[in-house]
Amino acid sequence: MARSVTEWVNVTGDISIIARESGEVWFHTLNVAKEGIDPFAAPMMGAGAVGSTVGLLDGAINLGFAGIERRLARPEPTLVGYAVALVGAYHTSVDTPRNLRHAAGRFEELGRPEVAAYLEERAREETGHDRLALKDLRALGLPAERLVANYIPEGIKPLCKRFDDLCVEDYPIGCIGYSYCLERIAALKQKADIEKVEALLADGIDATRFLRSHSSLGSEAAHVEETIEFVASLPANDRIRVVQETYESAKIMAEGYNHELLKSEAEMLEELQQAVGEALPYRHGSSPSRDEARGARTDMSGTMP
Ligand SMILES: [Fe+2]
Ligand SMILES: [Fe+2]
């Protein structure tokens, strides 16, 4: 009988994630004193399996997000916060096809046609997603093109830069970890999360195209499944790199959320108005909960590509 697969990756300092094919996942602190006998001190070299690979990938996201305040993790949506999140969604999707194709070209040069094909397919699937965000912004009554041309939320910038950088690396396998992180988090969004946003909108306004397609109701769940299967099929060195980048991207994303979520609604409205150069018809406290406290905001993860 084949032995069940165990995979492990050192992600930060002396912390490694260990995952079994059966679904168990745990964080392991490398025991320096026992380095000679710690079986997880050396990088894994064996083949992957779907059950253990998903454990590593999701363990990396959990570890990366461990620093975000729980209070802020699922704030109530407001219209202003939702508009800002859509601008963020536009910026994290507008360059995705081009970036993925660039990385695919590199893998073609490196003689890895299977990685190139996977990235090409992803590029095709992600094409047009920036348009969904623009349509939603327009449906909110905003001058979408002008808004995104003049405004990129501060917390989103490092995330966009990370993806740009990863896709032009000499060996750009890390872009798969970044994409997994964003898609996995988007796929956590449920019907109820979309309904909360819809409840903020006037009857007949459809401004949740991006959110729907980047949720458990849209294509995101399938993208996540396909990525897990593909990553599990990669050689150990690639899997290690993908999991490490999933962790780094999750950390950058968590920091970005914290930054955006800590802004007051008035600050966000000011940013939107600055970008379009005119007053916008939003009032404070547009949240149905009437919670104007700092941090009561749309969960930006819902609108990530
Ligand atoms: Fe996707
Ligand atoms: Fe997308």
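The values are calculated or read from the model by the stated rules, or taken from the named source; none is laboratory data. Since we're looking at a predicted model, the values are computed, not measured. When we count neighbours, we look across all protein chains shown, and the Cβ atoms used for this are built from the backbone with ideal geometry, even at glycine.
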Checked the stretch 8-58 for anything of a type in the set (D, E) and either in the same structural domain as P235 (by TED's automatic domain parsing) or out of contact with any strand residue (DSSP E or B) (no Cβ under 6 Å at 6 or more places or on another chain) (or both); matches are E21, E24, E35, D38, D58
Filtering the stretch 216-257 down to residues that are within 16 Å of ligand 1 (Cβ to nearest atom), in a helix (DSSP H, G or I) and small (G, A, S) yields A221, A222, S249
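Has the stretch 142-151 got any residue that is within 17 Å of the chain's Cα centre (by Cα) and either among the β-branched types (V, I, T) or over 21 Å from P281 (Cβ atoms) (or both)?
Within the stretch 142-151, none of the residues are within 17 Å of the chain's Cα centre (by Cα) and either among the β-branched types (V, I, T) or over 21 Å from P281 (Cβ atoms) (or both).
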Could you list all residues from the stretch 102-118 that are over 20 Å from E226 (Cβ atoms) and buried (at least 19 other Cβ atoms within 10 Å of the Cβ)?
R106
Of all residues in the stretch 12-28, which are assigned to a strand (DSSP E or B) and under 18 Å from I228 (Cα atoms)?
I17, I18, A19, R20, V25
Would you please name the residue that is surrounded by the fewest Cβ atoms within 10 Å (Cβ to Cβ), looking only at residues in the stretch 176-215 that are closer than 26 Å to K251 by Cβ and more than 14 Å from ligand 2 (Cβ to nearest atom)?
Q190
For the list (1) at pLDDT 95 or above; (2) assigned by TED's automatic domain parsing to the domain that holds Y282; (3) at negative phi; (4) not acidic (D, E), I need the number of the one condition that G128 fails.
(3)
